[in-house]
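The block underneath contains the structure these notes are about, expressed in structure tokens.
The values are calculated or read from the model by the stated rules, or taken from the named source; none is laboratory data. Small disclaimer: the values here were computed from a predicted structure and weren't measured. Note that each Cβ is placed from the backbone with ideal geometry, even for glycine, and that neighbours are counted across all protein chains shown. When the accessible area is computed, the model is the full protein with side chains, heavy atoms only, and any ligands, DNA or RNA have been set aside. Shrake-Rupley method; radii C 1.70, N 1.55, O 1.52, S 1.80 Å.
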Amino acid sequence: MQVAFSAVPDSHLPSVDELLSIAVNALGGSERQGQVTMVQAVRQALDDKTHLAVQAGTGTGKSVAYLVPSIRHAMDSEKPVVISTATIALQRQLVDRDLPRLSEALGKELPHEPTFAILKGRRNYLCRYKATAGWPEEDEQDQLFDPREVSATGRMVQRIQEWAEETETGDRDELVPGVSEQAWRQFSVSAQECLGATRCPSGAECFAELARARAGEVDVVVTNHALLAIDAMGELPVLPEHEVVVVDEAHELVDRVTSVVTSELSDTAVMLAVRRVGRLIEQPIADQLMEAGEDLKALLAAAPPGRIDELPQVLGLTLALVRDTAWRCITALGPRNADKDDPDKAGQRKAAFTALDEVHDTAVRMLEAYGHAAEADRAEVVWLDAGTDRRPPMLRVAPLSVSGMLRDKLFGERTVVLTSATLALGGTFDPLAAQWGLGEGRSWQGIDVGSPFDHPRAGILYVAKHLPQPGRDGLPQAYLDEIAELIEAAGGRTLGLFSSMRAAKAATEALRERLDVPLLCQGDDSTMLLVKQFAEDEPTCLFGTLSLWQGVDVPGPSLRLVIIDRVPFPRPDDPLTSARQRHVAAKGGNGFMAVAANHAALLLAQGAGRLLRAQDDKGVIAVLDPRLATARYSGFLLGSLPPFWRTNDPAIPRAALKRLAETASEARDG
């Protein structure tokens, strides 16, 4: 859409257009209209203090497009701008590549060279005190199952101890290769467990506090959606005082916020609280909590997994028992600031309070989720997760919507810019805006600045309308035949995106003997190594599931075909999405479109976005599910995808793929 922007107000700083020109020249790029439009839109939103959603396709240069006006605003207001991302990969790109180059390029035109820092949750930093003091042991039962795992954890612990002597940041991401959560827990604390900088003997040199201090002195703070949610919704600020937030990868915001505010309760959590409270209280009181945990364990082991719409009497009694016995333990511990002059004892008490608070508050929250006569009045959903061989069954509770939280806590206090390659679903920003809590008396604007790719010329969207609808019994033989014929035409070079790992593995097993090209499957090795192998060897194919739909960036001839086996609707038995769907319907809305179709549209658009990653890329998106051509909701899904040239004729994509394969072969031979 065309947007009219007002003139830049008088300022002692260069205009954003001037700064963008300097940045583009310094970075060796070329001016792109979408980038220019986005820079102007972000600048105006910051000037007018209005919220903005920007859809910017791959190749637009959106990180530079929001960083330039953000840096200028930080200089002008003398307050930091917070940039929030969903993935570590984008955080690293911003901190290691984009911001250093921009700072150097713009420094001569601004009052000082722009400064920046990355800030993560406290759990991501090594706790110096815990690493050297008698902190409560993390003696969780899963360490006892497999001697080989205990040995591997021991080696990781030793690596962390050696690294702790030399690290300057204490940032877990510096550990390469990474370490398990089990090993890292022995060296980190949550915000709730932390003694506080003034009470901790290591407070003056605390890595988390030093990171916060650095973040309070810079122009741009890079963080993640989870910490952004914790800061916005918590009682104590985590991020430095700020007026502007840029949310990149904004299509992930609702899911990441939901994860932050989802609570869990299991017998393991109860027993951890019992161990933490240990000898700090009288044994009979701790035994009461242990017995409540054993009751919970027996109940969860016998109960069927899934959503719990009505509270069974036995579960209600068990949750009430957990709640009450946890509260007795909390009361028996006495004042929270006792032993403040003895760090060791204070650390033990803080760890005990943290574990007990989590158990007590979660039990309270689950009990309060019930008692609403009407479905539309419910605020939360409770379900039982069946667990795995390594993890016990657990109860979970999550909000049916986070829009109210975001509206009040994030958008109510700040100016927010949200951006992604995928924000307009069905051609409109309204579906995601509703999930964010915008549109209810909030001033906001949505713009699509387009893409530098000529989608109709560069890509074909082929929907296999002639195939049968996908069933629940695995991939039909017709699907396997279609996949084989497309891959043979492409000479490999295929990313297969499947709706389940079972389908990905079944396709891999069925086609490895049939095809002459290497075929990798997610799970064969680390995803990072598989993607690297796929990118480096042109004929190779890679099959996988969810993380590949959004996490693969392979420009060039190694990727010419993206196969999507079915429209990626959420599972019908998924407790949270099914509850949200029913809740929307109870309030008079279309639950299927508001939840399931939005979910599918986002993933489809993300999956289709794997094809074109560089200007010379060409290829085919092949969707095997005929519902994308025939179902009543197909127009909404198609309207969420880039404007590829569309066809239902299987001969057309095969011929195009053969031409691309021949061209690649000639280029190699030439």
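Key figures
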item	result
Over the chain, relative contact order from alpha-carbon pairs under 8 Å, at least 6 apart, %	16
Chymotrypsin sites (Phe, Trp or Tyr not before Pro) within segment 143-229, DSSP loop, no more than 13 other Cβ atoms inside 10 Å	PHE145
Among [x] 60; [y] 48; [z] 57, the entry derived from the coordinates for percent of Cα pairs over 31 Å apart	[x]
Sites ARG390 and ASP324 - FRET efficiency at Förster radius 22 Å, r taken between beta-carbons, to 0.05	0.10
Proximal charge balance of ASP649 [Cβ under 15 Å; K/R count +1, D/E count -1]	+2
Spacing of the two label points (7 Å from each Cα toward its C-beta) at GLU168 and ALA338, in nm	4.4
Fully extended contour minus Cα-Cα distance, from ARG512 to ALA191, at 0.36 nm per residue	110.7 nm
Gained length - ALA667 relative to GLN533, 0.36 nm times residue gap less alpha-carbon distance	46.2 nm
Kyte-Doolittle mean at least -1.0 and Cα axial length at least 18 Å: DSSP H helices in the chain	33-48, 62-77, 147-164, 283-302, 313-333, 343-368, 477-490, 651-669
Centre separation in Å (Cα based) which lies between segment 44-117 and segment 167-185	28
Distance between segment 203-223 and segment 224-284 - C-alpha centres, whole angstrom	19
Efficiency of FRET from Cβ geometry, GLU78 and ASP17, R₀ 22 Å, rounded to 0.05	0.50
Computed FRET value (nearest 0.05) for ALA303 with ARG159, which takes r as the C-beta separation and R₀ as 45 Å	0.65
Accessible area expressed per residue, the chain, with surrounding protein chains retained (probe 1.4 Å, Å²)	45
Extension gain, SER634 back to THR132 (0.36 nm per residue minus Cα-Cα distance, nm)	174.8 nm
Burial ranking of peptide ranges 633-641, 606-614, 65-73 (average Cβ count within 10 Å, highest at the top)	65-73, 606-614, 633-641
Farthest toward positive dipole pole in the chain [+1 Lys/Arg, -1 Asp/Glu at C-beta], among ILE483, LEU102, VAL397	ILE483
Cross-link table LYS79/LYS108; LYS465/LYS532; LYS49/LYS79; LYS532/LYS618, entries beyond 23 Å C-alpha to C-alpha	LYS465/LYS532
Portion, in percent, of the accessible area of the chain that falls on carbon or sulfur, probe 1.4 Å	49
Accessible area (Å², 1.4 Å probe, nearest 10) - TYR125	10
For segment 459-489 and segment 574-638, distance of Cα centres in Å	18
